[in-house]
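Asks: I am attaching a structure below and will ask some questions about it afterwards.
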Amino acid sequence: MKFIILGCGSSMGVPRADGFFGKCDPNNKKNVRTRCSALLKTNYLNILIDTSPDLRSQLINNKINSIDKVLYSHMHADQTHGINDLRVFFIKNKKPLDIYADNETRKYFNKNFSYCFKSNSSEYPATLNMKAIKKNIFFKKKGEKINIRCIKVKHGSVNSICYIFNKKLAYISDVSKIFQKDYKYFKNLKYLVIDCLWYRNHPSHLNLEKSLELIRAFSPKKAVLTNLHSDLDYKELKSKLRKNITPAYDGLSLVF
Ligand SMILES: [Zn+2]
């Protein structure tokens, strides 16, 4: 299986819409970061995690022309507002696309994007089919089995869902705290892809120090830092990290 980081930037992206690169070297392509989303690519399924406002360009740039399922981590705009770009997969699949979300996110969708879920007329039918997150989600196709464990974590004043794929790869782009009772699920990972907003403290995100603390506690084979703000220059950040920890960049692909 292949896990592709489609976007690894914080909420405004790098550069921001006004061209501001912050402390990032504009000449390093790895510093150009779209908003966070990711794709699990198996032999038979493409499973998307979050629909960032940059989704359309992310799919085009990575030549992804089919999506089978979508998992949402939480309802913030930088994880959800690319939802309209999913319409093409309704047209291609000739049926509404299954999306999975927790209670808070489903409420947010019903309030703000109801037209995606309720047919308005035969001209504008519902394009998405909303499903509730369970502790474990299983997908099976042609003998291939995918187990996805869904773990509720804190992200400041809201909750966010961490997804662990086949017990090997954990993805959590927005998190401030993982509950101790869930630490057991993070042992023996091949990859941990984890929030690392910047150097300073932030009430809803991990900073570098806190990300490294969790990486030490879980000791995955490899850790990838994501949701990177423009304070974090790729080369500078990488030089501070141990060999098995790396900053993400858009298009980074992990095989497991
Ligand atoms: Zn968020």
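Asks: Run down GLU123, GLU104 and say which single residue is of a type in the set (Asp, Glu), out of contact with any Asp or Glu (no Cβ under 9 Å at 6 or more places or on another chain), farther than 16 Å from SER52 by Cα and modelled with pLDDT under 95. Walk me through how you get there before you give the answer.
Replies: Values: GLU104 fails: modelled with pLDDT under 95.
Residue meeting the stated conditions: GLU123.
Asks: All but one of (1) within 16 Å of the ligand (Cβ to nearest atom); (2) touching a helix residue (DSSP H, G or I) at 6+ places or on another chain (Cβ under 7 Å) hold for THR105; which doesn't?
Replies: (2)
Asks: Restricting to the stretch 137-180, give me the number of residues that are within 16 Å of the ligand (Cβ to nearest atom) and either surrounded by fewer than 17 Cβ atoms within 10 Å (Cβ to Cβ) or not in a strand (DSSP E or B) (or both).
Replies: Residues meeting the conditions: 11.
Asks: Go over the candidates ASN84, ASN27, ASN46, ASN61 one by one and state the one that is surrounded by fewer than 18 Cβ atoms within 10 Å (Cβ to Cβ), over 24 Å from TYR234 (Cα atoms) and more than 16 Å from the ligand (Cβ to nearest atom). Please lay out each step first, then the result.
Replies: Values: ASN27 fails: over 24 Å from TYR234 (Cα atoms); ASN46 fails: surrounded by fewer than 18 Cβ atoms within 10 Å (Cβ to Cβ); ASN61 fails: over 24 Å from TYR234 (Cα atoms).
Selected residue: ASN84, the only one of ASN84, ASN27, ASN46, ASN61 that is surrounded by fewer than 18 Cβ atoms within 10 Å (Cβ to Cβ), over 24 Å from TYR234 (Cα atoms) and more than 16 Å from the ligand (Cβ to nearest atom).
Asks: Testing SER219 on (1) buried (at least 16 other Cβ atoms within 10 Å of the Cβ); (2) more than 16 Å from the ligand (Cβ to nearest atom), one condition comes back false. Which one is that?
Replies: (1)
Asks: Could you please find all residues in the stretch 122-136 being in a strand (DSSP E or B) and touching a Cys at 6+ places or on another chain (Cβ under 6 Å)? Give the steps one after another, and end with the answer.
Replies: First pass over the stretch 122-136, keeping only residues in a strand (DSSP E or B): 128-132, 136.
LEU128 - this is the single residue of the stretch 122-136 that is in a strand (DSSP E or B) and touching a Cys at 6+ places or on another chain (Cβ under 6 Å).
Asks: Shifting gears a bit: Residues of the stretch 64-81 being surrounded by fewer than 16 Cβ atoms within 10 Å (Cβ to Cβ) and either among the basic types (Lys, Arg) or within 16 Å of the ligand (Cβ to nearest atom) (or both), which ones?
Replies: Correct list: ALA77 only.
Asks: Can I ask one more? Only one of LEU237, LEU197, LEU192 is assigned to a loop (DSSP other than H, G, I, E, B) and of a type in the set (A, V, I, L, M); which? Write out each step before concluding.
Replies: Values: LEU237 fails: assigned to a loop (DSSP other than H, G, I, E, B); LEU192 fails: assigned to a loop (DSSP other than H, G, I, E, B).
Answer to the check: LEU197.
Asks: Could you check LYS210 against (1) without any contact (Cβ under 8 Å) to a residue 40 or more places away in the chain; (2) in contact with a helix residue (DSSP H, G or I) (Cβ under 7 Å, 6 or more places away or on another chain); (3) closer than 30 Å to ASN103 by Cα and say which number it fails?
Replies: Evaluating LYS210 over (1) without any contact (Cβ under 8 Å) to a residue 40 or more places away in the chain; (2) in contact with a helix residue (DSSP H, G or I) (Cβ under 7 Å, 6 or more places away or on another chain); (3) closer than 30 Å to ASN103 by Cα leaves (2) as the failure.
Asks: Being more than 15 Å from the chain's Cα centre (by Cα), more than 15 Å from ILE49 (Cα to Cα) and in contact (Cβ under 8 Å) with a residue 40 or more places away in the chain is the filter here; which residues of the stretch 133-165 pass it?
Replies: LYS141, LYS142, GLU144, GLY156, SER157, VAL158
Asks: Would you be able to say whether some residue in the stretch 204-211 is part of a helix (DSSP H, G or I) and under 22 Å from ASN159 (Cβ atoms)?
Replies: Taking the stretch 204-211 and keeping what is part of a helix (DSSP H, G or I), we get 208-211.
Subset that is under 22 Å from ASN159 (Cβ atoms): 210-211.
Yes, the conditions are met somewhere in the stretch 204-211.
Asks: Residues that are farther than 19 Å from ILE133 by Cα and more than 19 Å from the chain's Cα centre (by Cα): find the helices (runs of 4 or more DSSP H) completely inside the stretch 74-121 holding 1 or more of those.
Replies: On the way: elements: 77-80, 87-93, 103-112.
In the stretch 74-121, the matching helices (runs of 4 or more DSSP H) lie at 87-93, 103-112.
Asks: Filter the stretch 109-136 down to the residues that are surrounded by 18 or more Cβ atoms within 10 Å (Cβ to Cβ) and closer than 24 Å to ILE164 by Cα and list them by number.
Replies: We begin by selecting, within the stretch 109-136, every residue surrounded by 18 or more Cβ atoms within 10 Å (Cβ to Cβ); these are 109, 116, 127-128, 130, 133.
Of everything in the stretch 109-136, those that are surrounded by 18 or more Cβ atoms within 10 Å (Cβ to Cβ) and closer than 24 Å to ILE164 by Cα turn out to be PHE109, LEU128, MET130, ILE133.
The values are calculated or read from the model by the stated rules, or taken from the named source; none is laboratory data. Model, not experiment: these values are computed from the prediction. Positions of Cβ are backbone-derived with ideal geometry, glycine not excepted, and every protein chain shown enters the neighbour counts.
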